Every structure is written in structure tokens, then in C-alpha cells.
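Okay, structure first, notes after.
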């Protein structure tokens, strides 16, 4: 066998080194790949992270039990309940006035003296007397004025009775009835309320305006109300006692359902509160207060703001 030369021995050593280096690299790669697979297997068997349940901020109010009254809001002028004009029995010149505007008079009290004399003829003065007891509200006659039998001498309102004439739209006629109570307010007396009732209902509807005239008598306590004042009238058309009431903003009407969200303790975790959808039957709505006929009990807490973000079972945080 031929002995290898020195050069050939050096080449063999280089080949061995190269082979060893390749082997080391292969083993290192295998080792790193195994670690990755082990890590993947460990991660695969680990429990998944639990997502956080969102909590929504809402405003709430409690359902109340009490009275509720529906009404029809109208406005009109206060007028005297009964007004009578006084006339002279004979034409002539007014020579004297016995009263003044605002004076209280009794029946048959003298109002004015009218002299019916003509040139060449002298007559006894005709005394014009009040046909009713009341207050002088107008006195068109003046001393020296010549009047006829058709000229009013004075206008008298009977007693202290006052009325308010109102026009009711045709669509509300079915809600009007005699003796319905009324609450009356005036800008002249802010913060005060006066009482009255429906005293007269017209039997016909005005075809031009499609309205019906009614009259409301007024309890003029303290004689604060005057004929000619502008009044706002609420005619109480329906009154109920012991009903469940909530703010109107709590009601949701969607997809043919009427419901509210009631705040209750989360049965899965008593540390949290949830919104529970509750179907209701609503009644009359007065000044933002809604009557609930079915589906809700007094003192239950309902969501009045923030409902658009929640659904049945959503966790909520009451901030007000």
C-alpha cells in the first residue's frame, strides 16, 4: 500500500474538520427545531385567556307609585260672566253722571240723567238706572252728549263672576265634558294657580276653523283676575290614582315591542349589576311622565340614559 504524502494527510484533516463542522450545524438546527416544537406543544395545551366582559355606564331612575292626570292645554281671554248694557228710555242730552268706571252698583242705582227737552218744550229729566247689580266696566256716555234710545249709557258686569272663552280643536272634542276641572295660570300672577270648571259647551262646530267654543268659569279668589287678562288653561280630562310612573325617556319602542331595561344584580356574579329587558304596557303620557299599566312594579330601577349601547344581560355601572 502506497503511503500518503504529507500534502494528502493535510487534505484529509481538512475534510474531517469540514465534516465535523457540518455535523455540529445539523445537530444544532435539529435541537433548535425541537425546542420550537416543544414550545408550540406547551402553548397548545395551555388554558386560553378569558376575555374581559364590558361594563356600560348608564343613568337610572326608580319607578314611582302615585297619581297622574292627563290634560288639554288651551289659552284664551278672561271675560265677564254676564255683561249688560244700560239704555235710556228717551233720547236727549246727558246732563249728569252718577257713577264712574270701576264703581260697584246695586240694581236700580242711577247711572245718568238724560234731558229729553226740545226747543220750546221742557220735560222732566229721564234717570237711567242699572238693570243689574255689578261693576261698571265701560261708560261711553259723557255729560253734554246727545244720545238716542239705541245708544248704550253704561256697561255693567254682574257680580264678580268671570269666564274664559276657549276654542277646542275638532280632534279633541271627545275629551271635553261639562264640569271637567281646570287649572288656570296667568303671566300677571306667576307661580299662582286658579281653579275653574267647564261651564258651557257649544252644540256646533265652526266649519271655518274646525273648532268648538267652550266656556270655563273662574274662581276669582282675592279679586286678582280682571276681565281682558290672557289666561292659560289646563282642562283635566283624565285623572288616575296609584299608578306606576317612570320618566318617558326610559321607554324603548323597537320591532313592535315596548320595553324598558331594569337594573338587577348579576346572578352569575353578585358583585356586578346587569340590565334586564322588561316588556311593558304603557298608558297616558303627561309632561314627560309615563304611566306603566303592566310589566313594572314600584321602586324598580329603570335605565333612562345609555340604553342604545346595552342589550339584555349587559353589565352596567349606574353613575347617577
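Taken together, the values in this text are just the output of simple stated rules run on the coordinates, not laboratory data. This is a predicted model, so every value here is computed, not measured. Positions of Cβ are backbone-derived with ideal geometry, glycine not excepted, and every protein chain shown enters the neighbour counts.
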In square nanometres and to one decimal, what's the mean projected area of the convex hull around the Cα atoms of segment 84-158? 4.2
Relative packing of peptides 140-149, 233-242 - highest average C-beta neighbours within 10 Å first: 233-242, 140-149
Rg from C-alpha atoms of segment 173-315, normalised by the globular rule of thumb 2.2 N^0.38 Å, equals 1.53
With r defined as the distance between the Cβ atoms of residue 221 and residue 171 and R0 fixed at 25 Å, what FRET efficiency is calculated, to the nearest 0.05? 0.15
How large is Rg over Rh for segment 148-205, taking Rg from the Cα atoms and Rh as the Kirkwood inverse mean of 1/r across Cα pairs? 1.10
Starting from one equal scatterer on each C-alpha and no solvent at all, send me the Debye-based log10 I(q)/I(0) for segment 99-244 at q = 0.08, 0.11 Å⁻¹, two decimals. -0.38, -0.63
